[in-house]
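Here's the structure, in structure tokens; my notes come after.
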Amino acid sequence: MEKLRYIRTKKGLTQKSLALLTGLSQPYINELEKGRKLNPSYEVLVKLARALDVSINDLVGEREVTA
């Protein structure tokens with residue numbers, strides 16, 4: 001999920017702060033950003049989208065994000 005890192009940094013968040021906001025682990029977020037973990041569950045996508053104040057499509061879609 002290459003867009004995850006882009007959006008997170010545009011929002012001024014660290015992986016650790018995003019982990020705290022979502023209840024996910026920082027290593028898991030790192031793995032998502034690096035593309036080592038693929039196909040996160042819908043529940044994970046919802047947590048990330050809510051924490052970053054974007055849509056799920058912004059995280060996984062092909063259109064450009066304006067974070």
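For the range 1-41, a tally of residues being farther than 17 Å from residue 55 by Cβ and among the acidic types (Asp, Glu) returns 2. Does the range 37-67 hold any residues that are modelled with pLDDT of 95 or more and charged (D, E, K, R), and which are they? 43, 47, 50, 53, listed by residue number.
Inside the range 35-56, residues that are over 11 Å from the mean Cα position of the chain (by Cα), within 15 Å of residue 2 (Cα to Cα) and loosely packed, with under 15 Cβ neighbours inside 10 Å make up a count of 4.
The values are calculated or read from the model by the stated rules, or taken from the named source; none is laboratory data. Bear in mind the structure is a predicted one, so any value in this text is a computation, not a measurement. When we count neighbours, we look across all protein chains shown, and the Cβ atoms used for this are built from the backbone with ideal geometry, even at glycine.
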